Every structure is written in C-alpha cells, then in structure tokens.
Number of protein chains: 4
Amino acid sequence: MIDFRSDNTGRAAPQILDAMVAANQGTELGYGADAWTAQLQDRFSQLFERRVRVFPVATGTAANALSLAASAPPWGNVFCAAAAHINTSEVNAAGFFGGGLKLVPIVGDYGKINAGALAAALPAFPPDQPHRGRAAAVSLTQATDFGAVYRPEEVRAIADVAKSFGLKVHMDGARFANALARLGCTPAELTWRAGVDILSFGTTKNGGALCDAIVVFAPDLVDGLTIQLRRAGQVWSKMRFASAQLMAYVENALWLDMARASNAAAARIAEGVSGLSGLRLLAPVEANEIFLELPTTTLDALERDGFQFYRRPGNVARFVCRFDATEAEADALVAALGRHCGTDRQAAE
Amino acid sequence: MIDFRSDNTGRAAPQILDAMVAANQGTELGYGADAWTAQLQDRFSQLFERRVRVFPVATGTAANALSLAASAPPWGNVFCAAAAHINTSEVNAAGFFGGGLKLVPIVGDYGKINAGALAAALPAFPPDQPHRGRAAAVSLTQATDFGAVYRPEEVRAIADVAKSFGLKVHMDGARFANALARLGCTPAELTWRAGVDILSFGTTKNGGALCDAIVVFAPDLVDGLTIQLRRAGQVWSKMRFASAQLMAYVENALWLDMARASNAAAARIAEGVSGLSGLRLLAPVEANEIFLELPTTTLDALERDGFQFYRRPGNVARFVCRFDATEAEADALVAALGRHCGTDRQAAE
Amino acid sequence: MIDFRSDNTGRAAPQILDAMVAANQGTELGYGADAWTAQLQDRFSQLFERRVRVFPVATGTAANALSLAASAPPWGNVFCAAAAHINTSEVNAAGFFGGGLKLVPIVGDYGKINAGALAAALPAFPPDQPHRGRAAAVSLTQATDFGAVYRPEEVRAIADVAKSFGLKVHMDGARFANALARLGCTPAELTWRAGVDILSFGTTKNGGALCDAIVVFAPDLVDGLTIQLRRAGQVWSKMRFASAQLMAYVENALWLDMARASNAAAARIAEGVSGLSGLRLLAPVEANEIFLELPTTTLDALERDGFQFYRRPGNVARFVCRFDATEAEADALVAALGRHCGTDRQAAE
Amino acid sequence: MIDFRSDNTGRAAPQILDAMVAANQGTELGYGADAWTAQLQDRFSQLFERRVRVFPVATGTAANALSLAASAPPWGNVFCAAAAHINTSEVNAAGFFGGGLKLVPIVGDYGKINAGALAAALPAFPPDQPHRGRAAAVSLTQATDFGAVYRPEEVRAIADVAKSFGLKVHMDGARFANALARLGCTPAELTWRAGVDILSFGTTKNGGALCDAIVVFAPDLVDGLTIQLRRAGQVWSKMRFASAQLMAYVENALWLDMARASNAAAARIAEGVSGLSGLRLLAPVEANEIFLELPTTTLDALERDGFQFYRRPGNVARFVCRFDATEAEADALVAALGRHCGTDRQAAE
C-alpha cells in the first residue's frame, strides 16, 4: 500500500518530539507564562522580521476560527474561496467561534480568490446598511485547496482591495511552508509585507505533531484573541511542550526542508504524468497536492494496485505527498498511471 | 526555590513522551480514525469496566465546557460549587460552548456541592416555566478546588437528586487520579456506578503533557459531542499522538502512582503542620493541595525563604504538590512553617 | 410621488389596529397565558385544518431565525436559495440564533430552490462525516424574492427530497398570503400537506402592523422553540395585543383580500408592460412584486416622474405593490413606462 | 377577583393605542427610517436633556440583553443583584445575546447592588489575567425586584466605582417611571447625570402595549447595537407603530401620571398594613410592589377572598399595583389583611 491520502496521515519529524523531551525539565508557570513560550515569541519575531505574537493552538481549525473571530464582529462577513477549508471542512467553526459570522464565497481560479471579484462584491456591503452585515475580513488559503500557490503580488492585490474597504486579511497557512518552499520568498514577504494581518501557521500537514499556531501581525487583534483562546480551551497549561514543538519545527529550516521534499514528490508526479492522455490536472501542481480527473476504471485500477487516495465527486482523485514521501513512491504512481492511461502519442495514433 | 505553585508547573512523566515517540511510525488516517485511538477506546473501556467513549482534548477547559455543552441546552442551568474551576477560572467557557447556558452555584463544604442544597434549589426550575430556563446538569469537581474528595456515596447522593429531576451528572476530574488514589476505589465506582454521565478526565495536573480527555458513559451524549469537538477545533488530525499519551498515562497504573506520590507529599505537609499554632487549614487535605490561612508576616517570610506558592485574598496560601515533589521539599516547608509559626504547646504556654 | 418601494412602507389594515383597541380590557396573565392567545391557537388550527402551535413574534427576521434554530443544531446546514431573504438581508440572524448554523445556497429559477439540485447536493453531507456538519433543514421563501410562487407540488417535491435525507422543511412565508391568493389553494395544501414543518407566517408586508408569527406543524419543534422565544426577547408580556392582531388579520379573509389587491395591482402592471420593448421581466409576476431590467435612462426618467422604487445592480428595478395600491397608481406606472420605452411594434418598425 | 399578580396583566393606556391609529397614514420607509422614529429621537433627547439614541424593541428582555451585549464582550462579566430580573427571569438572555457573557451577583439590600461590595469584588478581575474574564459592566434594576428605588446619589456611587474600573453602567428601567415618580427627579438626574451609559426604558409594566426601548447615552455603544438589533429580529419594518407608542407614552407626562397612580396604590396598602401584626414587609415600598411575609393560613385566606397575587418560597406574597389599580382595590386588600392578621395592639394584648 502506498499512502497518498493526506499529509496528516504521516509521522511527525523526530526533531519535534525530541524537543518535547528536551523541554521536560524543571518547573515553569502554566498557560504560556514559561520560558519556552517567551523564547518562541523572539524566535518567530526573528523569523518574520518584525515583532509578532505567536499563540500555539491544538489544530488548524482552531487557528482559523479564532483568527477570524478576532478579525470580524458577530455581524461580520468573511470573504473566502468557495473551496476554502474553512468553508467546506471545518463544520462552520468560524461561524461558531465568531458568534454567527458569515462566510461569503468569492470566485477565482484553483481555489484562489480573484481580487477583481472581491472588489466587485464589496460595494454591496456599505457600512450604513444593516441588512447584510459588515464586510469584515478576507481569508486566503495558502497553498489553496487545489494545490495552487498565491504569489506575494497576488496576496498584495487582494489585501489592497480588502484594506480599501477596511477589511482585515487572514491567511490560512495550513500549507504555508509548502508555499514558501515553492516561491523561495521570505515569510515576511508572503505575509505582513503583502498585507496579511493574521496567519494560521500550520505545522501538522508538514511534519508537525500536536500543535499549530496563530501568528498575529496586527497588534489590535492581540488582546481579544488572548482571552478568546483561553475561553476556547486552546491554552495548554503546560504550554512549554507546544512552544518547544514550534521552535523545533523552524529550527535549522527543518520546516522548509520538509516542505521542499513533499513539493518535490508532487512535482515529480506531475512531471511524470504530463505526457499521459486520458487524465486532466485540475490545477497547476505548485505545492504537495495533485488533483487529477481520471476515468472511473483508472481510479478503480489504482486502488487495486494498492494506492491510497481520496476520490471526490466528478471522477476526481486527490494525491497528497507527505514530507517523507519517497521518489520511489512517486515513480510507482507515475508508472501505474502510465499503465492505465494511454500516452498522448498512443492517443494520437 | 521550592515550587508549590501548581501541579501544572511541573514536568510530564517521561513514559508519556516516550509513548509519543513510539507512536511515530507508519501512516494512519487522521482525526481519530487511527489504530491508537481505536485501542484507546478498548483500554479505557477495560479501565472503567464498561463500554465508554474517550475523546482526547487539548485542555481541561475544553473537556469541561464541551462536556457541559453536550449535557445542557443553551437555555440550561448547570449547578456547581461556587468555587468550581468552571465557575471561577475558565472565562465562562461553559457559557460560550453551551450557547449561553448558565452556571448556578450551590453551597457545600470545602468546594463540594451539598446534595440537600441541590434538592432544595431544583424545585425553582419546574419544566413548564420559561423564565429561569431548564435545570439541565450538575457538575462536581473531583478533587474539589479546596483539595477535598467526594466519596462514591457522596457522588451517588448528588446524582440521585440530579436524576430525579432529569439532570445529567458531569464530573470535572482534573484531579480524578488524586481522588482515586486517596479513596482506593475503582474508576467505575467513582463515576458511572455512582451516577456520573460524563467525565473530564484530567492528566495534565498529574504528569500529563498536552492531552486531557472526555470519557462518556451516557451513550446519548456521544453524537452531538463528536461533531461539536470537531467544530471546536479539538480534534487533532494526528490524533495518534494524543491517544498514545492517554494510554501511557494509565499503563501499569502510572497515573495512580503519580497521584499517590503527590497526595503523600501533601499529607506529609498536613501532618507536619498539624501541631502548629497560628495557622488554619481551610479544608481537609485529601488530595495534593493544602490551603492554609496564615499571618501576612508568615506568608512574607515563606516567600523570603524561597517557597513559591499562590496567595489569595484573606491571607490564604495554596500549596500544591506535584507528582515529583520530594519528601525533602515537603519537610522543608514544614520546617519553615515551624520556624515562623508557634507550636500549639508554645501557644498554650 | 407614487411609492412602489416596498410593501412595508404602507399602512396597516385598520381592522388590525381596531382589534388591539378591542383587546384593551380587563386583566390577563402575561407572556401568552391570556385568553386571546389561547383563542389564537384555536383560530389558526381551524385555518390550517389541524392542530398547530402559533407563536406571535415581532418581526419576520425573528420568525425565520428562530424557526431555523429550532430545526437545525448549531452544526447544521440549512439549504436555501441564494436570493433568499435569510441569506441576503437578515444579517445572518439564522447563524446567530442557531449558534453558528450555516446557510448553503441551492440553485433554482426565480429565487426558488430546484428539487433536483437539492437532491444532488445532499449526498455530500453523509451523517457519519464530521467535517461539513449535518444537513439539517431546507428553507423555501414563499413568494420568492423575485416574486415567483411555489406550487404545492413544487413544495412537495422539495420536501420529499428533504425528508428522505432527514431534513426539516421551513417556509419563509413573508408573502404567504400573496402566494395563497395567487394559487387559490388552502393554507394546509401549501404547507403541512406539502411537507412543511414550520412556517414563518408574515403579516407585515400585507397590511400587518407590529406582529408576525411562527406556525409549527411538527410537534417535536415546539418545546425548544417555546423557551428559545422567551430567551430571544420575543415573548411580549402583553401578548394579547399581538394575538389580537393576528386574529384580525385572518378574520373574514381580510388577509386574502389584501393579498389579492396587491397581486392584482402587480398583475395589472405586468400586463400593461407586456407589449413594451426595451425592458425585461426577471421573473414571472405571480405575487405583488415586479422586477424589471430597464435602461438607466428609463430608471432615471421614472424617478423624475415621481415614482419611488428600489434600484439594484445590473439596471434592475423592483416595484412592489401594497395592499392599498390603486389601479390608478398601477396605470400611471404603465403609462410612464410606455412613454419611456418603445412598444414592440415601434421596435419592429 | 382583584388582580395584584403583575403590572403586565393590565390594560394599555388608551392614548398609546390611539397614537398607533393616528400613525396609520401615508407611506414611510421601513426599519426605522420613518418620520415618527426621527421625531422620537428628538422627543427623547428633549426629555433626557441631551442627545440620545432611542431604539424601540419588543420586550424588556430584549432591551436588557441587547444593552448588556453592547456593553460587554463575550468574555465579559456583568455585575448585578442576585435578585435582578436579568439574573432570575430572562432565561439568561444576556448570556445568549452576549455570546456567553456571565452575570455575577453582588450583594446589597432590597434587590440593590451595594457600591462597597462592588468595589470589593472588582479587584479580583484584573485586566491582565485571562482566567476570570473581564469586568465589563454593572446593571442596576430601577425600581429593584423588591420594589425599592435607587436615589441618584446611590446610582452615582455605584457608577463611580464602575467607571474607576472601566465598566459600563446599564440600568434596567422596567419600572423607571415608578422610580422617577417616587423621587421627583428628572430622567437625566436618574440616568446619565448619575453615570448611566445605557437604559432599558420600560413601558409595558406601566401602561405600555407592545413596545419598550433602549436609550443610549454613551455614543460608542450605538454602532454595534444598531446592527445587533437588526440581527436580533428587533427592528420592526413598520417601526412607526412602535415609535408612536413611545411618544404617546411620554406625551403630557402620561407615563409619570400612570406611575404615580400605581405607586400611590402601593403606598396606600403599605400604609394600611403598617399597624398589623403577623406580617413582615421585605423591603420599603417605594414603587408599585409590596412584598409581604405572611402565614400560610393568611395566604390561603386571601386567595379564598378572591385576591390574585404571586406566592414565593418562604411564605412570601408579592402584590403589584397597576396604573389603573383603584383605591377601593387597595383598601379591600388592607381590610382583608386586617381581618386575617392581628393588629399590633391585639398582639400586644
């Protein structure tokens, strides 16, 4: 069996668990008032080239929903891609934590928001009308739920529209490392320098264990978030073990190495299937996910071959590469697809 | 410095971190559909001598608030001790997760609920009146926030009152192991056999790391809770690392050994100060906490001596013993108190 | 000035205010425990040909949001037309009262839900997956927000799909009387006999004053709703004055007479403009609203002529006829449109 | 039967219904954008001797819960008397509208908050601790739930404490007119001049029909409240009929005349029973309510005599005088009590 089901089915980087073991010494105050968490603030401020606040949280859903609840009032509208994880897969946690805030889909390609479409939608929410609520925030998923990546200038374009209407900008960075690894830019360039106010900093899909984080750039979001996190049951009393994970994750560029590895495996597959006929890539492969439209017979055949992956409506298969995916696994998938699909040359004959 | 500040300032049991390392192999489905979490269900069912559902969660606040939200409608009243952690220290997380449910204090000794007082309060909430909402659940803190312990028959007495009015019974077991260790009874005897429907199963204060749990005895609470947990951002995608912690916690009675150790340290202190004058124990020392009323001068002196502890209004000091507290630390505190307080003999002379 | 802005800009039927005056005698228990409210239950049960529960509420938004909150858990999805008032104009009150429930748009013509589209959407919400929440309810707007009307068999087709997936069926009957007047069927045929579980019974847009109502057909929705209404500040202590309005509204078929009058005015306009060129009806005129796409110059000209109406993006004008709209007003609008648009004959020449 | 059950069992002042009839003319924009509602702003600004915003709402529960939700964040604590209507009788609507805010009882006499007790409680909520949430607002019930009245200087003393800790001050003025009538001071003196930020302006218990109001003195509360009201289903589309009621209520001092009448009836009863033995007044009779502790036999006898009133635990009877209570009714109650109780003279013999 070769597992392409998800990047959360895999192992954690051993360094991250080692860091927890290393932190298991002495006594420290609870709820984040410990030395590891203080050090985490410095480490991430360095990483992002400005003073930031980092809040470790248990899950990406918590990171997203609490970030949005901090960015929008209960009567706020949060604009996102229809395919965004917050809109499709988090049981409307944003609506729950946000006291009834509403997610409003904006069109775009490959799971992105189109800046022009956002600009066209916002005038319908003038601040002096009460019926539709307030336009409050926009949320970008990086990489997107179709495996595409926003360039810094794309983030900037959306943020410019958002800011001109007074909206906050949130980035769901569940695969932030994959985007960085792809683009080769700095964390700062892809976030606050491009207009991002608050970031869900994902680790779990990229070798993390039990801890994601919220990174706050906009200082006015910190106070409400601090207490909301406590009330949400997201403040570990032994926070040191979470902060240690986050520091190990970025130490020696571990996170980028892992993201490069999973991206590379995905690119290898994309490259490998580029000449095949009878399949269609739904989006450019820019991170660690490949979405293929394939005949049912091929999907069935792949499963018989021992490949694990998710099938979606419309004959779509999602293949996700983990940080420890091997070239051999990638090649095996390409070979199997080659067996089941024709090549373009065959199709042409 | 000798640290009696809290049981969450300390280390985790090394076995618990080791279990995480051991779980770091192979691929497994996310969100609790993994082999470790399946095994956890069996292990805890064995432990509690009946089929239970166990949901790992990040914090005790999450365990409590989600348990209560599952046990009460938004218009429900949840009865608890005034000193209960849910009422004093969790930013009304129960009200938040419960959509506006209300905590109603019931009197009792040493942080307990008095069964008679509960029985006296409930007739004010007849089901056919809309103004006060519904009486929905009762929550017991075990051990209490003053370090006392409910006997199984005390739990039973409260549960009998509760059940006769149709209420669910929740136990906040942040120090459940300490209570068990004190009483020498089984987990079953202290919970569902005594009428408990749902348990916040704490590990953090007793050598855990990043994971507590909800243990559900009443099957009708499972479905809502399952989805509510997901929506609350409390379902780790790499759940195996949480489930592994919980299994290590109870393996070879580790949890009870740790609780016995912290209880013993507290008992040693209580014993040691029993002959001293000028101090007053606020509650019987039955778990790992000691609450002492002391003159301000003594409190100051203890701090100068290098003891760390929390001071509360009314000249009260709280001393908490961790699982790795030593006899020497306990004896040092007793000696210091002996120096600063007189003995009863001295007082009598 | 001739006012076609909305059906809520107009007067109330004098009979409704007279009924309040008539109810102003003697003493009666508060919060709905009065004789008028008891009589209302009987009167509406007669009207709907079965035992129903009627809850007077202040507004249609309250009626809708509380109906949906009673029909769906906080993790529920409620399916509705994209153009539905609950989705566009009520500040996501449904999400607020429903503790974070989510509205999910389903396509269809003229503001309707298409039964086939609903059937196609529901399999994506299997009950054993936690990520998307539960499919909980469907909400139909009758008449729709484009002035079209669901036939009983259309309601039935949607309800059949809904029921087969375990969903509740809500009807937002803000213009329920207009739909009834158009179709000539009975209230029962258009609601519970066609599968509706709960109805927002609107009066305000059709000559009411300060009171709409929730009519409950599904008995399992009553208990939660009863207490939720109290908590929502929707239970008047002097309920008699609300119940009296509702009884006067249906007495001697007043409501249907008023709806027939506003429908007739709208039909007269639709008929009058049917031969004109340079305009487009966005939906069949089946109730009291007309949506016309018109050149900007015509829109401007109509405003100069003294007509009041709402303009929407895309050169759309909405004209709404009130129950006291006159034939002369309708004819004036037709005449003005005739002046500003060409006739088809002119266009053909 | 003579009805002393509640001040909401009675009629409305005819002038209030007449005003609705008079407002039933012409067309006006909905949702409060009408001429009556504009005039209401001016009329109440005059009444309160400063610019205020007035929002008509359906019920006192809505007025209270929305006022508190505007004054406190979801993690806020609102301090009130234990006996406060918001704490005992509104199904925790404040917790619901406030997203989980918490009511915290403060002791005091006769249903009042004691300023000293408030000052003693607030230091336990320092702004830099996350566990107990923020101290956000204080709510005073005027007149109290035991029929006592806060003097302006008492309001001021509480407000001074509140302001020094950054809290907002809310007044639940369900019986505001009764308090004014008793004290003979101006509306301004009893509210904003004494430090009140937001007022639930009750009419229903004093001759109103279907409309209470929120009066906002603190401008920073207006924006959130405006949209929250819409979302709460508390903005009537035909608002004119609500605004007309409120203007009629204060026109020609009607409200004060009515409050003086009900106060006088209560005072007449209090005076009449002052010499009787075997009964105890629970609080000074300063508004329109009398709370008497009476032997069960007397309570039973009064019911047999045809008096209607509420019995509470502890042999307490509540008698409430409506604006249209007559001297004869008051005298009848006094006479009956005289028959069933002894006089002090008899007791002394």
| message | Among the residues that make up region B:284-293, is at least one of them open to solvent by 10 Å² or more (accessible area, probe 1.4 Å) and out of contact with any Gly (no Cβ under 8 Å at 6 or more places or on another chain)? | response | no
| field | Residue that is most open to solvent (accessible area, probe 1.4 Å) [pool: residues in region A:5-16 that are assigned to a loop (DSSP other than H, G, I, E, B) and at the interface with chain B (Cβ under 8 Å from one of its Cβ atoms)] | value | A:Arg11
| said: Can you list the helices (runs of 4 or more DSSP H) lying wholly within region A:156-258 that have 2 or more residues being within 14 Å of another protein chain (Cβ to nearest Cβ)? | reply: A:222-231, A:240-250
| Residues located in region B:193-228, provided they are of a type in the set (Gly, Ala, Ser) and either closer than 20 Å to B:Tyr150 by Cβ or within 12 Å of the chain's Cα centre (by Cα) (or both) | B:Ala194, B:Gly195, B:Ser200, B:Gly202, B:Ala213, B:Ala218
| query | Do you know which residues across region C:71-107 are among the small types (Gly, Ala, Ser), under 15 Å from the mean Cα position of the chain (by Cα), in a loop (DSSP other than H, G, I, E, B) and surrounded by 22 or more Cβ atoms within 10 Å (Cβ to Cβ)? | reply | C:Ala84
| Between a first residue in region A:44-57 that is of a type in the set (Ser, Thr, Tyr) and a second residue that is open to solvent by less than 10 Å² (accessible area, probe 1.4 Å), which pairs have beta carbons less than 9 Å apart while being 6 or more apart in sequence or on different chains? | A:Ser45/A:Val52; A:Ser45/A:Val54
| request: Hey, can you tell me all the residues within region D:45-70 that are under 26 Å from C:Asn8 (Cα atoms), touching a Phe, Trp or Tyr at 6+ places or on another chain (Cβ under 8 Å) and away from chain C (no Cβ under 12 Å)? | output: D:Val54
| said: Take C:Phe241 and tell me if it is crowded, with 24+ Cβ neighbours inside 10 Å and within 17 Å of the chain's Cα centre (by Cα). | reply: no
| said: Of the conditions (1) open to solvent by 20 Å² or more (accessible area, probe 1.4 Å); (2) of a type in the set (D, E, K, R); (3) under 27 Å from D:Arg240 (Cα atoms), C:Arg231 satisfies every one except a single condition; which number is it? | reply: (1)
| task | Report whether or not D:Glu251 is touching a helix residue (DSSP H, G or I) at 6+ places or on another chain (Cβ under 8 Å) and acidic (Asp, Glu). | result | yes
| task | Note down all Cβ pairs under 8 Å where the first residue falls in region A:242-269 and is more than 19 Å from B:Val21 (Cα to Cα), the second is surrounded by fewer than 24 Cβ atoms within 10 Å (Cβ to Cβ) and among the aromatic types (Phe, Trp, Tyr), and they're at least six residues apart or on different chains. | result | A:Val250/A:Phe44
| said: Looking at the structure I just gave you, is C:Gly98 within 30 Å of A:Ala121 (Cβ to Cβ) and within 10 Å of another protein chain (Cβ to nearest Cβ)? | reply: yes
| field | Pick from region C:17-42, criterion surrounded by fewer than 18 Cβ atoms within 10 Å (Cβ to Cβ) and more than 11 Å from chain D (Cβ to nearest Cβ), ranking: farthest from C:Pro219 (Cα to Cα) | value | C:Ala35
| Can you pull out the residues in region D:108-126 that are in contact with a strand residue (DSSP E or B) (Cβ under 8 Å, 6 or more places away or on another chain), in a loop (DSSP other than H, G, I, E, B) and either in contact (Cβ under 8 Å) with a residue 24 or more places away in the chain or crowded, with 20+ Cβ neighbours inside 10 Å (or both)? | D:Gly108, D:Gly111, D:Lys112, D:Ile113, D:Phe125
| Filter result (β-branched (Val, Ile, Thr), more than 19 Å from D:Gln46 (Cα to Cα) and open to solvent by 10 Å² or more (accessible area, probe 1.4 Å)) within region D:154-202 | D:Val161
| query | Quick one: how many residues across region C:142-199 are of a type in the set (Asp, Glu) and in contact with a strand residue (DSSP E or B) (Cβ under 9 Å, 6 or more places away or on another chain)? | reply | 4
| remark: All conditions in (1) open to solvent by 10 Å² or more (accessible area, probe 1.4 Å); (2) closer than 28 Å to A:Val57 by Cβ; (3) outside any loop (DSSP other than H, G, I, E, B) are true of B:Leu68 except (1)
| Are there any pairs, at least 6 apart or on different chains, whose C-beta atoms fall under 7 Å, with the first in region C:81-105 and touching a residue at least 40 places away in the same chain (Cβ under 8 Å) and the second assigned to a loop (DSSP other than H, G, I, E, B) and open to solvent by 20 Å² or more (accessible area, probe 1.4 Å), and if so, which? | C:Ala81/C:Gly108; C:Ala81/C:Lys112; C:Ala83/C:Asp145; C:Ala83/C:Phe146; C:Ala84/C:Asp145; C:His85/C:Asp145; C:His85/C:Ala174; C:Thr88/A:Arg132
| field | region C:127-150 - residue that is in contact with a Leu (Cβ under 8 Å, 6 or more places away or on another chain) and not in a loop (DSSP other than H, G, I, E, B) and, of those, farthest from B:Ile227 (Cα to Cα) | value | C:Ser139
| task | Filter region B:295-339 for residues that are away from chain D (no Cβ under 14 Å) and in a loop (DSSP other than H, G, I, E, B) and give the result. | result | B:Pro295, B:Asp305, B:Gly306, B:Phe309, B:Asn315, B:Cys321, B:Arg322, B:Phe323, B:Asp324, B:Ala325, B:Thr326
| query | What number of residues within region D:272-294 are closer than 12 Å to D:Gly342 by Cα and part of a loop (DSSP other than H, G, I, E, B)? | reply | 6
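The values are calculated or read from the model by the stated rules, or taken from the named source; none is laboratory data. Keep in mind that this is a model prediction, so the values were computed, not measured. No Cβ is skipped: glycine too gets one built from the backbone with ideal geometry, and neighbour counts run over all protein chains shown. Ligands, DNA and RNA are stripped out before the accessible areas are found, and what is left, the full protein with its side chains, is counted by its heavy atoms. Shrake-Rupley method; radii C 1.70, N 1.55, O 1.52, S 1.80 Å.
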